[in-house]
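First up is the structure itself, then whatever we jot down about it.
The values are calculated or read from the model by the stated rules, or taken from the named source; none is laboratory data. Note that the structure is a prediction, hence the values are computed from the model and not measured. Note that we place each Cβ from the backbone using ideal geometry, even for glycine, and neighbour counts take in every protein chain shown. Note: accessible area is taken over every heavy atom of the protein model, side chains too, but ligands, DNA and RNA are not part of it. Shrake-Rupley method; radii C 1.70, N 1.55, O 1.52, S 1.80 Å.
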Amino acid sequence: MHWIWNRLAPRRAGTALLTAALLLLAAAAPAQARVVERNDAAPVSASLQPNLRPIYSAKTDEKVIALTFDISWGNKMAPKVLEVLRAEKVPATFFLSGPWAKNHVELVKQIQADGHQIESHGQAHVDLNTLGREGARQNIAAAHAILKEITGRDPTYIRPPNGAFNEASVQAAKDLGYATVIWSVDSLDWKNPGVDHIINRTVKLTHPGAIILMHASDSCKQTDQALPAIIKSLREQGYRFVLLDELIRTHGVDMNGHIRVLR
């Protein structure tokens, strides 16, 4: 018996080492590989993007609009934007990158506690149209895992970094149950062109059903200064601010939507 055990011992030890190695590899597998295959909480049916076209605006003549903010960097501008929105009692939708959310959990929770909508700005801040369908899917899925863990809810919309998309990236989002959202009004606050320029441009381009793009990253230095005047002016024109989800659920998507530019 001892002879048999001695002959088998190396083989058993080798098997044990192999098993341990496999367990270590499984533990080190990227988080996105374990993300749910499809986000069934998505509120937008596939019929709203039949040609793999993103959402630019809602289809309505009613003066209702969605104010949206992208965040990927820093922790100085976001609290200032939240302070303005709180004072003006305006709901907004925030597209957060996965790494930013992971590094600023308390700010994410504050955004949520203030009643704003939290959606995805992807994981690595790279153009999704350069990643292919599977690469884009992994990017979106990785951010999904982080945002769901912090907020307790499934994000349902993705705004691709830099607004860059192609059919493969839009399809990747749909694979996970996401709708891709761009905007119809770009405030250009990300260029820091001057407070008055941001105000005048945003107010002039806003239209019924508009999705307005602004930013609450620290690289944008003038957003909080322009925001009160934008809100005041649009309210004086009769506009009502709603969350993106309400805008889309209530009015549907304008299939002819596009980014508006000054003529």
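Could you tell me whether segment 139-201 comes out rounded, prolate or oblate from its Cα gyration tensor? Rule is a ≥ b ≥ c as square roots of the eigenvalues, rounded for a/c under 1.5, then prolate if a/b exceeds b/c, otherwise oblate.
prolate
Shape call for segment 63-118 from the C-alpha gyration tensor, a ≥ b ≥ c root eigenvalues: rounded (a/c under 1.5), prolate (a/b greater than b/c) or oblate?
Note, shape of segment 63-118 comes out prolate.
On a full-extension model of 0.36 nm per residue, what is the gain between residue 171 and residue 219, subtracting their alpha-carbon distance, rounded to one decimal in nm?
14.2 nm
For segment 64-124, which whole-number percentage of the solvent-accessible area (1.4 Å probe, protein heavy atoms only) is attributable to carbon and sulfur atoms?
Reported share for carbon and sulfur atoms: 52 percent.
Which order do you get for 153, 249, 133 if you rank them by accessible area with a 1.4 Å probe, largest at the top?
The ordering from most to least exposed comes out as 249, 133, 153.
Can you sort 215, 121, 258 by 1.4 Å-probe accessible area, starting with the largest?
258, 215, 121
Put a dot 7 Å past each Cα toward the Cβ at residue 129 and residue 250; how far apart are the dots in nm?
3.2
Just read off the accessible area of residue 197 with the full protein assembly in place, 1.4 Å probe, to the nearest 10 Å².
Here the residue's solvent-accessible area equals roughly 90 Å².
For segment 49-182, just say rounded, prolate or oblate: build the C-alpha gyration tensor, square-root its eigenvalues into a ≥ b ≥ c, call rounded for a/c under 1.5, and beyond that prolate if a/b exceeds b/c, oblate if not.
Oblate.
For segment 230-247, what does the Karplus curve 6.51 cos²θ - 1.76 cosθ + 1.60, with θ = phi - 60°, yield as ³J(HN,Hα) per residue in whole Hz, taken in order and with x for Gly and Pro?
So the J values, rounded to whole Hz, are 4, 4, 4, 5, 5, 5, 5, 7, x, 7, 10, 8, 9, 5, 4, 4, 5, 4.
For residue 262 paired with residue 240, estimate the spin-label separation in nm (one decimal), with each label point 7 Å from Cα along the Cα-to-Cβ line.
3.0
Whole number in Å², please: accessible area per residue of segment 179-250, 1.4 Å probe, ligands, DNA and RNA not counted.
37
Share of segment 160-208's accessible area from carbon and sulfur, percent, 1.4 Å?
The C+S portion of the solvent-accessible surface of segment 160-208 is 49 percent.
Give me the 1.4 Å probe accessible area per residue for segment 73-164, excluding ligands and nucleic acids, in Å².
41
Would you calculate the separation in nanometres between label points at residue 63 and residue 164, each defined as 7 Å from the Cα along the Cα-to-beta-carbon direction?
Result for the modelled spin labels: 3.9 nm.
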